[in-house]
Amino acid sequence: AAALRGSEIGAEIVLKATKVDGVYSMDPQKDPNATRYSTISFDEVIAKRLQVMDATAFALCRDQKLPIKVFSINKPGALLSVILGEDEGTLVHV
């Protein structure tokens, strides 16, 4: 819903608050060697088969060139850090 609405209103970015603090190379709950990406392209996410969000919503963001910022909803101050442009979470970009 956020991807569709963001596309409809001409949003500059979709903020995706989740239980993890970004996009990882592997599932960090299963692999302690997983590393968080600070930025990653839509194409890299697809090529590496990383799970960011629902496939349809992800494709819509990619097609509309609408970046996604993935960050933890559980980390105090994370949303403010994202809004201030600090290094928080992962930016998925074109």
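The values are calculated or read from the model by the stated rules, or taken from the named source; none is laboratory data. These figures come from a predicted structure and were not determined experimentally. Neighbour counts are summed over all protein chains in view; Cβ atoms, including those assigned to glycine, are modelled from backbone coordinates with ideal geometry.
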Some residue of the stretch 20-28 being at pLDDT 95 or above and either loosely packed, with under 14 Cβ neighbours inside 10 Å or not in a loop (DSSP other than H, G, I, E, B) (or both):
yes
Looking only at the stretch 35-94, which residues are without any contact (Cβ under 8 Å) to a residue 40 or more places away in the chain, surrounded by 14 or more Cβ atoms within 10 Å (Cβ to Cβ) and β-branched (Val, Ile, Thr)?
Ile46
Out of the stretch 75-87, which residues are farther than 12 Å from Leu15 by Cβ and under 15 Å from the mean Cα position of the chain (by Cα)?
Gly85, Glu86, Asp87
State yes or no: is Thr39 modelled with pLDDT of 95 or more and more than 16 Å from Val94 (Cα to Cα)?
no
Could you count how many residues in the stretch 1-18 are of a type in the set (D, E, K, R) and over 15 Å from Asp54 (Cα atoms)?
2
Within the bounds of the stretch 16-26, is there any residue that is out of contact with any strand residue (DSSP E or B) (no Cβ under 8 Å at 6 or more places or on another chain) and touching a residue at least 12 places away in the same chain (Cβ under 8 Å)?
no
